[in-house]
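Below is one structure, written out as structure tokens; the observations come after it.
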Amino acid sequence: DTLSEQVHPDLNAKCAFLTGGATGIGHSIARGLAAQGVTVAIADINEEAAKSAAAALGDGHVGLGVDVRDSASVTRAFARAVEMLGAVDICIANAGVSSMRPAVDLTVEDWDFNMNVNARGVFLTNQAAARHFRKTGTGVIVNTASLAGKVGAPFLGHYSASKFAVIGWTQALARELAPLGIRVNAVCPGFVKTGMQDREVEWEGALRGISGTEVVQDYIDQTPLGRLETPEDVANVAIFLCSEAARFMTGQAINVTGGVYM
Ligand code: NAI
């Protein structure tokens with residue numbers, strides 16, 4: 001799928017720190033930002049993939065290893081991004097994981113893994129950015145939440161809880177940083193064609209006793225705009241939120257679901 005050709009001239013020559021950008025939605029946001037003239041530091045737990053994704057964007061972009069669950073690792077990666085890019089003006093906290101399991105079978109490990117990557121990871125990534133933005137006096141933050149952060153879904157209790165946390169945190173931070181002129185928003189994708197979706201389709205099919213193709217078709221049938229969501233659908237909105245076009249928006253969690261949730 002292609003990215004929107006809308007141009008945001010104010011983004012040109014800015015620098016971004018983006019987590020979970022080696023694949024999927026994050027990678028698409030990285031490509032979209034680069035197309036606007038933004039230099040991107042892609043930080044991912046898969047350092048090799050982050051480096052090759054950054055190299056594919058062209059000169060100047062960098063790939064870094066990070067585990068967003070780990071405070072020291074996030075601090076180190078963010079500092080390295082500032083050092084290598086010379087600045088960071090945009091923070092995209094996108095790294096996330098999911099799994100599907102009936103609540104009665106959910107383990108403490110499932111719960112902690114989802115909460116630690118999805119909720120703690122956003123907190124630590126945003127905190128590193130906020131500390132930097134407080135010094136530079138400028139900055140914008142976009143977090144990847146989820147439709148599951150607005151509506152609970154069966155077998156996704158642990159994931160839903162972590163994404164509700166992301167939205168609550170986004171609102172609190174938005175109020176706290178607004179006096180500094182720093183905006184904090186979130187995007188809430190529905191069901192996007194990525195590696196995460198491939199895995200979920202398999203789990204959901206197994207749990208419901210239907211094929212993966214039927215799971216996907218069911219979802220398309222429930223989507224008013226009548227097709228599967230792409231990473232670029234999400235990236236376009238994330239990039240808009242980074243831009244001056246969204247200058248009077250903060251604390252928002254924008255649904256990008258083809259109308260599944262209104
Ligand atoms: P993906 O699995 O393709 O990409 C996730 C990226 O995060 C990977 O590159 C992975 O290596 C990285 N990552 C995982 N754990 C990490 C950690 N501890 N530290 C640093 N990086 C880590 O998945 P996708 O679909 O692109 O997901 C991106 C975000 O979008 C996630 O926050 C996810 O919850 C959210 N989302 C995805 C939806 C979907 O249907 N695919 C729907 C709604 C939200």
inquiry  = Suppose the Debye formula is applied to equal point scatterers at every Cα of the chain; what is log10 I(q)/I(0) at q = 0.13, 0.17 Å⁻¹?
reply    = -0.78, -1.35
ask   = With contacts defined as alpha carbon pairs under 8 Å and 6 or more residues apart, what's the relative contact order of the stretch 114-262 in percent?
value = 28
inquiry  = Using each residue's phi in the stretch 200-205, evaluate 6.51 cos²θ - 1.76 cosθ + 1.60 at θ = phi - 60° and report the 3J(HN,Hα) Karplus result to the nearest Hz, with x for Gly and Pro.
reply    = 5, 4, 5, 4, 5, x
ask   = Where the only charges are on Cβ atoms (+1 Lys, Arg; -1 Asp, Glu), what is the dipole of the stretch 80-223 about its Cα centre, to the nearest 20 debye?
value = 820
inquiry  = Could you check the spin-label model distance between residue 247 and residue 206? Points 7 Å from the Cα along Cα→Cβ, value in nm.
reply    = 5.1
task = Find how much the distance from residue 150 to residue 222 grows on full extension, using 0.36 nm per residue of separation minus their present alpha carbon separation; answer in nm with one decimal.
result = 24.2 nm
task = For the stretch 147-260, just say rounded, prolate or oblate: build the C-alpha gyration tensor, square-root its eigenvalues into a ≥ b ≥ c, call rounded for a/c under 1.5, and beyond that prolate if a/b exceeds b/c, oblate if not.
result = prolate
remark   = Of the convex hull drawn through the C-alpha atoms of the stretch 1-96, the volume per residue in Å³ is 85
ask   = Pulled fully out, how much extra length does the chain show between residue 175 and residue 47, if you take 0.36 nm times their separation in residues and subtract their Cα-Cα distance?
value = 42.7 nm
key: Amide H within-cut-off set for residue 97, under 5 Å, with H built and near neighbours excluded   = 118
key: Of 158, 178, 127, farthest towards positive along the dipole that unit charges on Lys, Arg, Asp, Glu beta carbons give the chain   = 178
remark   = In the stretch 195-262, the chymotrypsin sites (Phe, Trp or Tyr not before Pro) that sit in a DSSP loop and have at most 14 other Cβ atoms within 10 Å of their own Cβ are 248, 261
ask   = Among residues other than residue 253 whose Cβ falls under 15 Å from its Cβ, what is the net charge (Lys/Arg +1, Asp/Glu -1)?
value = +4
query = In percent, how large is the relative contact order of the chain, given Cα pairs closer than 8 Å and 6 or more residues apart?
reply = 20
inquiry  = Can you compute the helix-only [θ] at 222 nm over the chain? Use -39500 (n - 2.57) per DSSP H run of at least 4 residues, normalise by all residues, nearest 500 deg cm²/dmol.
reply    = -14500 deg cm²/dmol
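A short reminder: the numbers here are calculations on the coordinates, not readings from a lab. Just so we're clear, the structure is a prediction, and the values are computed from it rather than from any experiment. All Cβ positions, glycine included, derive from the backbone under ideal geometry; neighbour counts span all protein chains shown.
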